[in-house]
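Have a look at the structure below before the remarks.
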Amino acid sequence: MNLIEQKVNAPIGLFDSGIGGVSIWRELVRLLPHESTIYVADSANCPYGFRPTAEIRALSAEIVTFLIAQGCKLIVVACNTASAAALYWLREQFKIPFVGLEPALKPAAKASKTGHIGILATQGTLQGELLHNTIRTHAQTVQVHVRVGSGLVKQVENGQLDTPMTKKLLSEHLEVLLAKKVDQIALGCTHYPLLQPLIDQILAGRAVAIDPAPAVIRQVQRLLNVDNIQALSATPLHQFYSTGTTEQLQRMVNRFSARPIVAQPLQLKG
Ligand code: DGL
């Protein structure tokens, strides 16, 4: 394999505080089926939502260093909270293209008929500069209502995707937003689209919940095309690592993978 082929067939790295980024991974393999991937779930340190910025940056930098050492050609920060705390900073520290996550406010604002849109996200994402820049740029014409989705990350990490407790928690969060007349809700945490069937059941057509994954993967594709490094014919290899227990990650990814995947433990220096 020559150097150009090596780069084209190099994996795309993804990471999240836990297993939520699998909602991004599943869209990546659907839209870019020849790309290999390496996914890191920092489940030992999950949730990131209440951690200080400096801590999230340090954790993200360790994971990025690992992904670069594995030969990744691009990294998706598949976590809204890590993107809010670290995306701009990571771009300054490392010479690799990054794609980050932010709530899908632009399509939400465009589609809203009531003029009210909601964002369900972690505290870290709602406080971040990234979100405020996006509101300024894309959501000036609507009222934006925010809600911290307390407890939801934990339910997903524990594999409780459709239990009565998860439904109760989700209902509480969504009803608060619905009471503000929102008709579009941006899912601002990558764990939440994994709850989409339950979300749709609760919303029952009263509002639309927007998963940012398709837009994120389109951006990945654009960046790969700029550098001419999109894999177009390779047989992909998908590797999964967790800094905590591998069980839930493996279970979650195998819901969406055509071939069985075994997740490996990963110890970061810390
Ligand atoms: N998936 C992460 C996000 O998108 C979860 C946040 C957390 O760990 O609190 O924000």
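Please treat every number below as a calculation from the coordinates, not as lab data. Fair warning: this is a prediction, and the values are worked out from it, not measured in the lab. Here Cβ is always computed from backbone atoms with ideal geometry, including for glycine, and neighbour counts include all displayed protein chains.
Observations, loosely collected:
- One residue stands out among those in region 12-64 that are charged (D, E, K, R) and within 13 Å of the ligand (Cβ to nearest atom): the one that is farthest from G149 (Cα to Cα), which is E55.
- Residue ID - nearest to the ligand (Cβ to nearest atom), chosen from residues in region 68-92 that are part of a loop (DSSP other than H, G, I, E, B) and surrounded by fewer than 20 Cβ atoms within 10 Å (Cβ to Cβ): Q70
- Flag for K95 being more than 25 Å from L161 (Cβ to Cβ), part of a helix (DSSP H, G or I) and away from the ligand (no atom under 14 Å from the Cβ): no
- Residue match in region 102-122 (condition: touching a residue at least 40 places away in the same chain (Cβ under 8 Å), hydroxyl-bearing (S, T, Y) and in a helix (DSSP H, G or I)): no
- In this entry, Q155 is excluded by the filter for residues that are under 19 Å from the mean Cα position of the chain (by Cα) and either assigned to a loop (DSSP other than H, G, I, E, B) or more than 22 Å from Q123 (Cβ to Cβ) (or both).
- Selection within region 189-242 - polar (S, T, N, Q), assigned to a loop (DSSP other than H, G, I, E, B) and surrounded by fewer than 23 Cβ atoms within 10 Å (Cβ to Cβ): N228, Q230, S233, T235
- Every listed requirement among (1) assigned to a strand (DSSP E or B); (2) surrounded by fewer than 20 Cβ atoms within 10 Å (Cβ to Cβ); (3) within 16 Å of the ligand (Cβ to nearest atom) is met by A186 save one, (2).
- Of all residues in region 124-152, exactly one satisfies the criterion of being out of contact with any strand residue (DSSP E or B) (no Cβ under 8 Å at 6 or more places or on another chain), β-branched (V, I, T) and not in a helix (DSSP H, G or I), namely T141.
- Comparison of E102, E55 shows that the only residue that is more than 15 Å from the chain's Cα centre (by Cα) and of a type in the set (D, E) is E55.
- Here region 190-248 is the region considered, the condition is being among the acidic types (D, E) and in contact (Cβ under 8 Å) with a residue 40 or more places away in the chain, and the residue that is farthest from P260 (Cα to Cα) is D227.
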